[in-house]
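Reading through the structure tokens given below for one structure.
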């Protein structure tokens, strides 16, 4: 139990720590591991922190002309299991995030639309130690225009789900990938209140 009293906690915004050192520890292609030294501007407290610097990520909610959401199932090494997701991936250097999201959708599912995907959310995947952002897009009126073109290690199963069944998938925990949850909740909120 902390010895701090209620009066010791501040209601003002916390301070931004000053970076006094930054060292790359390892480069793993999909992210670079850094050791960062920072100092608190008022307390002068110095700490070392781990930061993973990664490229921007994208994901996309493809909705077909007849109102189905194109979901994918794939094996994920981090959990050693299968997840139910939406298409997504990394933004290549110099690539526009919307182009990256549309590319990922075509590559993973073969689905695309004549209209451009619409940006609906930008979020930080985990700001505690990740430096990057994730762009979420909604792509309406999609249809299958080609066969999927997977990466060397990908194996994906398509699942077409009626849009109105999304809340049930969220309630039952059938979807557990946090970035997919953010995307689908954002789409559902948008559909319930277009001003969001």
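Every number in this text was worked out from the coordinates using simple rules, so none of it is lab data. Source: prediction; values computed, not measured. Here Cβ is always computed from backbone atoms with ideal geometry, including for glycine, and neighbour counts include all displayed protein chains.
By how many nm would the segment from residue 53 to residue 9 lengthen if fully extended, with 0.36 nm per residue of separation less the alpha-carbon distance? Write down the numbers at each step before the final one.
Details: separation 44, 0.36 × 44 = 15.84 nm, distance 3.14 nm.
Length difference between fully extended and current span is 12.7 nm.
Would you please give the FRET efficiency between residue 33 and residue 176, computed as 1/(1 + (r/R0)^6) with r the Cβ-Cβ distance and R0 = 22 Å, to the nearest 0.05?
Details: r = 26 Å, r/R0 = 1.17.
In this case the efficiency is close to 0.30.
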Next on the checklist: From Cα pairs below 8 angstrom and at least 6 apart in sequence, can you work out the relative contact order of the chain, rounded to a whole percent?
Outcome noted: 20 percent
Item to check | Candidates 67, 21, 89, ranked by Gaussian network fluctuation over the chain, Cα under 10 Å, top entry | outcome: 21
Item to check | Residue with peak Gaussian network fluctuation, the chain [Cα springs, cutoff 10 Å], from 19, 136, 64 | outcome: 19
Item to check | Distance between region 29-89 and region 96-159 - C-alpha centres, whole angstrom | outcome: 14 Å
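What list do you get for 189, 134 if you sort them by fewest beta carbons within 10 Å? Walk me through the numbers before you get to the answer.
Values: 189 14, 134 22.
Placing the least packed residue first, the sequence is 189, 134.
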Checklist outcome for this item: Between the Cα axis of helix 178-192 and the main Cα principal axis of the chain, the angle (0 to 90°, nearest 10) is 70 degrees
Checklist entry - Can you put 95, 85, 18 in order, fewest other beta carbons within 10 Å first? => result 18, 95, 85
Checklist entry - Which residue fluctuates the most in the chain, going by a Gaussian network model with Cα springs under 10 Å, if the choices are 29, 92, 15? => result 15
Checklist outcome for this item: Simple SL model, points at 7 angstrom along Cα→Cβ for residue 25 and residue 119; separation in nm is 3.2 nm
Checklist outcome for this item: Rounded to the nearest 10 degrees, the helix 97-109 long axis (Cα) sits at an angle to the longest Cα principal axis of the chain of 50 degrees
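Sort 122, 156, 60 by Cβ crowding within 10 Å, fewest neighbours at the top. Spell out each step's value before the answer.
Values: 122 11, 156 17, 60 30.
Ordered from fewest to most neighbouring Cβ atoms within 10 Å, 122, 156, 60 come out as 122, 156, 60.
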